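Let me give you the structure first, and then I'll get to my questions.
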Amino acid sequence: MPELPEVEVLVRHLAPMLEGKTIRGVQVRRERVLRPTTEAGLKRELRGAKFVGVIRRGKFLLFTLRRSTGRSTFTLLGHLGMTGRMFLQPVNAPVAKHAAVFLALGKLDFVFEDTRYFGRFTLDTGPIKLLGPEPFGDEFTPGYFAEALRRSAQPIKVKLLDQSLVAGVGNIYASEALFDARISPRISARRLTREQIERLRRSIRNVLSAAIVFGSTVPLDWSGASRGDGLFYYGQYGGVPGVYEERLQVYDRAGHPCPRCGASIKRIVQAARSTFFCPRCQCGGSG
């Protein structure tokens, strides 16, 4: 599932391509992704509207559009779900098999493809109100982080997946940040020391920043048309198969040697999600 870095890279890719484009037509093939917005409601708002900008909030894309009548703007919320793609393609290109929403922009078409239909493309911005601070924002202070963790008995890995704690961190980067900070994923959030909390906060920012930088340098294939496209959000292709997995320190590397100490990376299941960690580098309390 795409997390903050993948969405950030996508936003940076789409923003200059969409800015100033007018939506001339709207085609909905999977109304499920619009909920609670209706197909009629989406078409009514989008037809004739112009893209003003795109930003990221947590794992969401927020498209700002200006209505065709007047100067007022409104927000369209996008979420990639587990396997979603958003990309632009030439107007005469074949429409992807699992295209959920299709916007005609003149010479280009915007496509939201979602194979499993867990994504969202809606006028409902309610989910944004539930998000915690951005990892790079001024509100994500050591004091805030410590107070929020003090109230939770959940294992720290599980708590990091709570989007009301900090927005955008998911399963991959939670494991990576905990490894970077040398903290056991099993330890209760409220048992972390102030030093551990400050170290984890730095690690979250460092791991996410590195992933954004890396994602910005990888050749992109947003339509997923290339063979062997294993990482839909970075669009692996050409001579770079496996390059992203090789940058991950512990995630999905069970049985591989720890890059720091050589111990075998372990996998456990927490809250129905896989957690990867080094039992030597990340040893310590687990209660």
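Taking square-rooted eigenvalues a ≥ b ≥ c of the alpha carbon gyration tensor, is segment 42-197 rounded, prolate or oblate, where a/c under 1.5 means rounded and, failing that, a/b exceeding b/c means prolate?
Judged from the Cα gyration tensor, segment 42-197 comes out prolate (a/c at least 1.5, a/b above b/c).
Return the subset of Lys59/Lys157; Lys21/Lys43; Lys107/Lys129 for which the Cα-Cα distance in this structure is over 24 Å, preserving the input order.
Lys107/Lys129
Where does the chain land at 222 nm, in deg cm²/dmol rounded to the nearest 500, when only DSSP H runs of n ≥ 4 count, each adding -39500 (n - 2.57), divided by all residues?
Rounded to the nearest 500, the figure is -8000 deg cm²/dmol.
Could you give each residue of segment 28-35 its phi-based ³J(HN,Hα) in whole Hz, using Karplus coefficients 6.51, -1.76, 1.60 with θ = phi - 60°, and x for Gly or Pro?
Residue by residue, segment 28-35 yields 10, 9, 9, 5, 4, 6, 8, 3 Hz.
Could you rank the peptides 195-202, 52-59 by their average count of other C-beta atoms within 10 Å per residue, with the highest value first?
52-59, 195-202
Taking H as built 1.01 Å from N, whose amide H comes closer than 5 Å to the amide H of Gly168, not counting residues under 5 places away?
Residues meeting the criterion, in which the H sits 1.01 Å from N, are Lys59.
Right, something else. Rounded if a/c is under 1.5, else prolate if a/b is larger than b/c, else oblate: which is segment 4-129, with a ≥ b ≥ c the root eigenvalues of its Cα gyration tensor?
Judged from the Cα gyration tensor, segment 4-129 comes out rounded (a/c under 1.5).
Tabulate in residue order the Karplus-calculated ³J(HN,Hα) for segment 110-116, using 6.51 cos²θ - 1.76 cosθ + 1.60 with θ = phi - 60°, rounded to whole Hz; enter x for Gly and Pro.
9, 10, 10, 9, 8, 4, 9
Taking the Cα centre of the chain as the origin and placing charges on Cβ (Lys, Arg +1; Asp, Glu -1), which of Ala93, Ser72, Leu178 is farthest toward the positive end of the dipole?
Ser72
While we're here: Where Lys and Arg each count +1 and Asp and Glu each count -1, what net charge lies around Ile23 among other residues with Cβ under 9 Å from its Cβ?
+4
Can I ask one more? Would you kindly derive the ³J(HN,Hα) couplings of segment 209-214 from the backbone phi angles with the Karplus curve 6.51 cos²θ - 1.76 cosθ + 1.60 (θ = phi - 60°), listing them in order in whole Hz, with x for Gly and Pro?
Couplings: 4, 5, 5, 5, 4, 5 Hz.
Throughout, read-outs are computed from the coordinates displayed, never taken from laboratory work. Quick caveat, the model's predicted, so the values are computed rather than measured. Glycine gets a Cβ as well: all are built from the backbone with ideal geometry, and neighbour counts include every protein chain shown.
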